[in-house]
Amino acid sequence: MSKTYIKDSHETNEDIVWHSQNVTKKKRETLLNQKPCILWFTGLSGSGKSTVANAVEVELFNRGVKTYLLDGDNVRHGLNKDLGFSEIDRIENIRRIGEVSNLFVDSGLIVLTAFISPFKSDRQIAKSLVKYDEFIEVYVNTPLEVCESRDPKGLYQKARNGDIKNFTGIDSPYEAPVEPQIEIKTDKNNIQQCADIVVNYLIKYGYVKGNENDYAI
């Protein structure tokens, strides 16, 4: 069976030319009355990334903010269903998500991504695709022992038994963010409190509009 050749992302086909569009990102941003960005939730499996991201999106939706949530498991049902969990596949998984997130930012939306994304270099690549203030790293800093005690999908147990290989935190490393814009701890704060931390950050730095019910930050 022949192998499929995947063109290196650094190669450029001279026959492909960027086509300018009349409706720009700035125009979409003005129309939506919000500042687009990526909220990049990263943390161990079971840390609470998806749960907090969902809660944040609900809060933003209730405020009339236009958003879209990309969840790790959901994306692997479609866009990335051809990828496994080897290191090279995990890198490609995050590369694709970074590109898709960039498209959402260009559309004027606030996109939330909930992925383990264990490698600093991959998160940096995703960050490099957008402007410096359009990438907000949200570190869901939950201790391994807490994540493992939750084990909502039974994955840690399978990894301990050797049934799953390359599992982050067990036999594959997690490189924690050094200077995330936001750090939340789901072992110390409830989900609503964690969501409020993220939403208040967005209000403080002008990504979304606040209202009279928002407490001082």
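Just a few scattered comments:
- Overall, the accessible surface of segment 84-123 at a probe of 1.4 angstrom is composed of carbon and sulfur to the extent of 62 percent.
- Heavy-atom accessible area per residue - the chain, 1.4 Å, Å²: 59 Å²
- In summary, the helical segments of the chain meeting the span-like criteria, namely a full DSSP H run, a Cα extent along the axis of 15 angstrom or more and a mean Kyte-Doolittle hydropathy of at least 0.0, are 49-62, 191-204.
- Only Lys, Arg, Asp and Glu carry charge here, each on its Cβ (+1 for the first two, -1 for the last two); on that basis segment 37-143 has a dipole of about 80 debye about its Cα centre.
- Those trypsin sites (Lys or Arg not before Pro) in segment 43-119 that DSSP places in a loop and that have at most 11 other beta carbons within 10 Å: LYS81
- Model label points for LYS26 and PHE85, set 7 angstrom from Cα along the Cα-to-Cβ axis, are 4.6 nm apart.
- Each peptide in 197-208, 31-42 was scored by the mean count of other Cβ atoms within 10 Å over its residues; highest first, the order is 31-42, 197-208.
The values are calculated or read from the model by the stated rules, or taken from the named source; none is laboratory data. Just so you know, these numbers come straight off a predicted model, no measurement behind them. Cβ coordinates were reconstructed from backbone atoms using ideal geometry, including for glycine residues, and neighbour counts include every protein chain displayed. The area values use the complete protein model at the heavy-atom level, side chains included, leaving out ligands, DNA and RNA. Shrake-Rupley method; radii C 1.70, N 1.55, O 1.52, S 1.80 Å.
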